[in-house]
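See structure below.
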Amino acid sequence: MYRYIFTFVCVVVFSGCLSTKHYAGFVKAAYKNRDTSLAAPAGSISINTRDLPVMDQVVMVKKGDTYFIPALLYWGMKETFTCDLNAQIPIKIFSKVCHDYADSVRLGQKLKGMRLEISINTLPTQFVYTGKEDVIFLLVYALTLSHQSVSPVNKDLSITYKVYNG
């Protein structure tokens with residue numbers, strides 16, 4: 001009898017745990033149907049991203065703080081994942097929007113032969129997933145408090161531009 005109860009408790013407790021591979025799969029799925037193709041560069045606008053780090057994968061996930069407290073009347077669980085998104089994904093989206101907007105306002109004609117260079121120096125591409133659950137056992141009943149959040153890591157966005165004549 002106790003063996004079945006122990007097996008049931010283990011299945012319930014450990015089936016909710018995420019791994020870095022599962023979490024990376026969630027993030028990749030979010031960008032699977034997103035159009036991240038580069039827009040045809042307008043002759044008068046160029047986007048420079050030389051200072052940004054280069055990654056060969058869509059996302060890199062690192063496991064952070066994790067704990068599990070299996071006390072008699074209280075169970076506490078917490079897990080965090082730090083996620084680094086490939087900077088090229090938001091750059092491609094920004095590039096497409098920037099070129100589309102420049103075409104819609106006829107920026108090329110307004111520059112009158114000059115060239116605009118936009119440099120993206122730093123870009124916030126890191127966020128943290130936190131999952132926390134508290135279970136309080138009250139005789140026959142259990143009270144469960146669950147909290148999940150995704151929050152960005154505080155990092156500045158730094159963009160500079162230069163206008164070249166000739």
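The values are calculated or read from the model by the stated rules, or taken from the named source; none is laboratory data. In this text, all values refer to a predicted model and were calculated from it rather than measured experimentally. Because the Cβ atoms are built from the backbone with ideal geometry, glycine has one as well, and the counts that use them run over all protein chains shown. Remember, those area values only see protein heavy atoms, side chains included, never the ligands or the DNA or RNA. Shrake-Rupley method; radii C 1.70, N 1.55, O 1.52, S 1.80 Å.
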Problem set entry | Odd one out for Ala142 among (1) surrounded by 11 or more Cβ atoms within 10 Å (Cβ to Cβ); (2) in contact (Cβ under 8 Å) with a residue 12 or more places away in the chain | (2)
Exercise. Mind checking which residues of segment 105-129 are touching a residue at least 60 places away in the same chain (Cβ under 8 Å), within 22 Å of Arg50 (Cα to Cα) and assigned to a strand (DSSP E or B)?
Worked result: Arg115, Leu116, Glu117, Ile118, Ser119, Ile120, Asn121, Thr122
Seminar exercise, completed: For segment 78-104, the count of residues that are under 21 Å from His22 (Cα atoms) and either open to solvent by 50 Å² or more (accessible area, probe 1.4 Å) or in a helix (DSSP H, G or I) (or both) equals 2
For this session: State which residue is nearest to Ala71 (Cα to Cα) when the search covers only segment 105-129 and only residues that are under 16 Å from the mean Cα position of the chain (by Cα) and open to solvent by less than 40 Å² (accessible area, probe 1.4 Å).
Result: Tyr129
Exercise. Taking segment 60-77 as the search range and keeping residues that are open to solvent by 60 Å² or more (accessible area, probe 1.4 Å) and under 20 Å from the mean Cα position of the chain (by Cα), which one is farthest from Lys155 (Cα to Cα)?
Worked result: Thr66
Problem set entry | Filtered residue count, segment 130-166, keeping only those that are more than 27 Å from Tyr67 (Cα to Cα), part of a strand (DSSP E or B) and out of contact with any helix residue (DSSP H, G or I) (no Cβ under 9 Å at 6 or more places or on another chain) | 6
Seminar exercise, completed: Going through segment 47-59 in order, the residues found to be open to solvent by 40 Å² or more (accessible area, probe 1.4 Å) and within 18 Å of the chain's Cα centre (by Cα) are Pro53, Val54, Met55, Asp56, Gln57, Val58
